[in-house]
Amino acid sequence: MRTALWMGVLVFVFAPVAARATIVIAMPEDELTRVAYAIFVGTVLAVSVRLDDGGRVMTRANIQVLRSLRGVKRNAVIAVEYPGGRLPNGLVAHVDGTPQLAVGDRVFGFAERHGATLLPLGLRYGMLRVHGDGRGGYLVTRDTDGLVLVDRVGKPAHQAVATLRGIPLETLIARVQGHLRALGIAPDAEEATR
């Protein structure tokens, strides 16, 4: 009896823990550019969490647009929402793969439009981190923690499509502008502010 009890405890303690992640289609950069309603570089001004009309916990980040490539105006303050967050009463709803934005963060965003609200395409996949390079410039990195990236048929996405680490901001802007031109869309011609 004691052996069976200990075996049960061991199975419980050493049982594999289920991996938690959100499955997202890892679109190549040209496709991400094509389907995005808005493409921008901005700074997070405020972050708040609320219950939406359907009772879902949603985080809203107000972002000032420093540079617009498509769909939004420079210097505008836009609202980007994503599921999950910590409500003022302390209740937390965690959704794997959502951006974790804080006031002062700088981002490069690919967003889709739902009414008056923007949602990051592919959650964290479409909301890239912009950080200083230590020499006065900026680098862009895609954080895919909490995401399982697949292609259109559900197979694991190629690393070359999903990975974006330490790309100079101006290089990424030039690439996205090239994708927009290839689509016959004139990219917004506004200069970045620092």
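The values are calculated or read from the model by the stated rules, or taken from the named source; none is laboratory data. Please read these numbers as outputs of a predicted model, since none were measured by experiment. For neighbour counting, all protein chains shown are included, and Cβ atoms are generated from backbone atoms with ideal geometry for every residue, glycine included. In case anyone asks, the SASA skips ligands and DNA or RNA and just uses the protein heavy atoms, side chains included. Shrake-Rupley method; radii C 1.70, N 1.55, O 1.52, S 1.80 Å.
Observations on the model:
- For the chain, the average shadow cast by the Cα convex hull is 15.6 nm², which is a quarter of the hull's surface.
- Remark: spin-label model distance His114-Val77 equals 2.3 nm, labels positioned 7 Å along the Cα→Cβ axis.
- FRET E, pair Arg34, Gln100, Förster distance 35 Å, beta-carbon r, rounded to 0.05: 0.85
- Karplus (6.51, -1.76, 1.60) ³J(HN,Hα), θ = phi - 60°, over segment 30-46, in Hz, Gly and Pro reported as x: 5, 6, 4, 5, 5, 8, 6, 6, 10, 9, 7, 10, x, 10, 6, 9, 7
- Residue-normalised accessible area of the chain, given per residue in Å² at a 1.4 Å probe: 56
- Residue-averaged 222 nm ellipticity for the chain, from DSSP H runs of 4+ at -39500 (n - 2.57), nearest 500: -5500 deg cm²/dmol
- Spacing of the two label points (7 Å from each Cα toward its C-beta) at His131 and Ala182, in nm: 2.9
- With Cα atoms, 0 to 90° folded angle of helix 2-14 axis to the chain main axis: 0
- Under 12 Å, Cβ to Cβ, from Leu164 - net charge with Lys/Arg +1 and Asp/Glu -1: +3
- Crossing angle, helix 169-182 versus the chain [Cα axis fit, 0-90 degrees, rounded to tens]: 70
- The phi-based Karplus calculation (6.51 cos²θ - 1.76 cosθ + 1.60; θ = phi - 60°) puts the 3J(HN,Hα) values of segment 84-100 at x, x, 10, 6, x, 7, x, 5, 10, 10, 9, 10, 4, x, 7, x, 10 Hz, whole numbers, x for Gly and Pro.
- Length gained on full extension, Leu45 to Gln159: 37.8 nm, using 0.36 nm per residue less the C-alpha separation.
- Three-way shape label, segment 74-175, alpha-carbon gyration tensor, a/c 1.5: oblate
- Most positive-pole-ward Cα, Gln159, Thr144, Met127, against dipole of the chain from beta carbon charges: Thr144
- Anisotropy class of segment 20-120 from Cα gyration tensor, a/c 1.5 cut: oblate
- Placed amide H near Leu69: partners under 5 Å, 5+ positions off or other chain: Ile39, Phe40, Val41
- Radius 10 Å from Cβ of Asp143, net charge of other residues (Lys, Arg +1; Asp, Glu -1): +3
- For the pair segment 67-103 and segment 139-177, the centres of their Cα atoms are 19 angstrom apart.
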